[in-house]
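Just so it is clear, none of the values below were taken in a lab; they were calculated from the coordinates. All figures in this text were calculated on a predicted structure; none of them were measured in a lab.
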């Protein structure tokens, strides 16, 4: 398991990614790569061979990405407004992961959360981020992302 967070309030522009500034439990095997302060994670599709058997070499690596945060409309933004975040894979927003709130009061926090499985071809990589998919800037606070890969203990 790899876990990253950003507790301070950050204003995320439309189309921009939520930045993660703290790495509480980073992947020491290099399967989840992240530059502190960025919003992009690279996931490795490496699948180990099992005792010389090549049957695992045809499989995908499957990661589960869990995201949660508090979101609000920053002061100075017209309300009412609909604000939303979504997980992005390889630069494309995944509509099924959209977390939306219809906000009528500025600076009121709403909690959003989502989980998504991300398959990665053996030998390839995928990029994952959480993007502001609304038309207005939003404040994001206490952002937390956990990336798990059940076939491996990726925290070692």
Notebook entry, point to check: At q = 0.08, 0.17 Å⁻¹, what log₁₀ I(q)/I(0) does a Debye calculation on the Cα points of the chain give, no solvent, two decimals?
Noted result: -0.25, -0.91
Checklist line | segment 2-148, relative contact order in percent, only Cα pairs under 8 angstrom and at least six apart counted | finding: 39
Next item on the list: Calculate the length of the line joining the C-alpha centroid of segment 68-94 to that of segment 3-24, in whole Å.
Entry: 12
